[in-house]
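Colleague: I have a structure I would like to understand better, so I am pasting it below and will then ask my questions one at a time.
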Amino acid sequence: MFEKLRRHPKRIVFPEGEDGRILRVAEKAVRREILAPILLGDRDKIRALAEEIGVSLEGVGLLEPEQAEDFEMFCRAFEKMERYRRMKVANAAEVIARPHYFAAMMAQYGQADGVVGGNTSYPATVLRALFHVHALLPHVEHASSCSILLDAGSAHFGKEGYLFLADCAVIPEPSVEQLAMIGVESGKLARFVLGRAPKVAFLSFSTKGSATAPATERVVAAAALARERAHEQDLTLEIDGEMQVDAALVPEIAALKAPGSRIQGDADVLVFPNLNSGNISFKLLQHAAGAQPYGNLILGLGRPAAQISRGASPETILGTAAAVGIQAIEYHLLYPAG
């Protein structure tokens, strides 16, 4: 990713710029010549913090939303959005002054190539601004998310040491249609990153009918619908489910539990039946297994963006920002219909 970004550096805006982790990430990104970081917040506070922790701000953009040249233009543009009228606020300036909304408007109107936020705020704060400002892509009925994990030494961690987990941040209880969409959109991202057809496993507590319940039937239906949608969009994805996670990741177990499956213990993408299971698994793999996380990358929006955890390390933030930058380079290839 870094090599590609050196050839095509992208402008990534961080709405929560008054954070030492973000300052360290910005310095590293500039030094490696991979990103042009833009930090929102009080300039004096950011400069004081940078001096305190010994970080250089050379090449780093600092912006205070209400003092920015584009503030009034963003306010006028936001007033014309249908989503603004639904918010029922008296003054658009009150909204655009919020850093997450200002960052989203920067990406919407070409002042930045992507947004990375969440390091000091609740996920809903980040997602609400993105969803209010950015329209969904034409073929998507709901935004979702996908997180990327890198192997920490496990023998069963995807074919090439990557796992893509979806959805770990956005839709609490996805319908069959939404679950299918999550599988297809996360499969697209995996194909984009891996450069090959990924294997997408729809997870459950059952493998190929070993248990029957409404929850397992919903996963079976979602996997079938995802295959249909992938075919309609002419996407090369290997999709199967319902599967237990061991059958998705361990070849020996897959041979016993699902001998005829398209996935033989070499899944790249794990689609979870709900947000509880996805988020818990993501945190367990990160903190108990030592996997390196990147994300959550928000899928289905017209502009690249990511919501990171308040506990994210500088390495996670830098890698996530790089992933958003990579998406920005070829967003038209990732989402040709958009």
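Colleague: In the list A190, A197, which residue meets the criterion of being in a helix (DSSP H, G or I) and either under 21 Å from the mean Cα position of the chain (by Cα) or modelled with pLDDT of 95 or more (or both)?
Modeller: Result of the check over A190, A197: A190.
Colleague: Being over 24 Å from A247 (Cβ atoms), acidic (D, E) and surrounded by fewer than 16 Cβ atoms within 10 Å (Cβ to Cβ) narrows it down to one residue among E141, E217; which is it?
Modeller: On inspection, the qualifying residue turns out to be E141.
Colleague: For the range 15-29, does any single residue satisfy the condition of being at positive phi and either assigned to a helix (DSSP H, G or I) or among the basic types (K, R) (or both)?
Modeller: Scanning the range 15-29, I find no residue that is at positive phi and either assigned to a helix (DSSP H, G or I) or among the basic types (K, R) (or both), so the answer is no.
Colleague: Which residue, of K159, K208, is among the charged types (D, E, K, R) and out of contact with any Ser or Thr (no Cβ under 9 Å at 6 or more places or on another chain)?
Modeller: K159
Colleague: Scan the helices (runs of 4 or more DSSP H) fully inside the range 235-337 and keep the ones with 1 or more residues being touching a residue at least 60 places away in the same chain (Cβ under 8 Å) and over 24 Å from R196 (Cα atoms).
Modeller: By residue number, 275-287, 314-329.
Colleague: Okay, moving on. Which number in (1) within 13 Å of S309 (Cβ to Cβ); (2) touching an Asp or Glu at 6+ places or on another chain (Cβ under 6 Å); (3) in the same structural domain as V269 (by TED's automatic domain parsing) marks the one condition that T120 misses?
Modeller: Every listed condition holds for T120 apart from (3).
Colleague: For the range 161-187, what are the residues that are part of a loop (DSSP other than H, G, I, E, B) and either surrounded by 15 or more Cβ atoms within 10 Å (Cβ to Cβ) or not charged (D, E, K, R) (or both)?
Modeller: Result: G161, D167, C168, A169, V170, I171, P172, P174, S175.
Colleague: Quick one: would you say T212 is hydroxyl-bearing (S, T, Y), modelled with pLDDT under 90 and either within 20 Å of L194 (Cβ to Cβ) or out of contact with any Pro (no Cβ under 9 Å at 6 or more places or on another chain) (or both)?
Modeller: yes
The values are calculated or read from the model by the stated rules, or taken from the named source; none is laboratory data. Note that this is a predicted model, so its numbers are computed, not measured. Ideal geometry is used to build each Cβ from the backbone, glycine not excepted, and the neighbour counts take in all protein chains shown.
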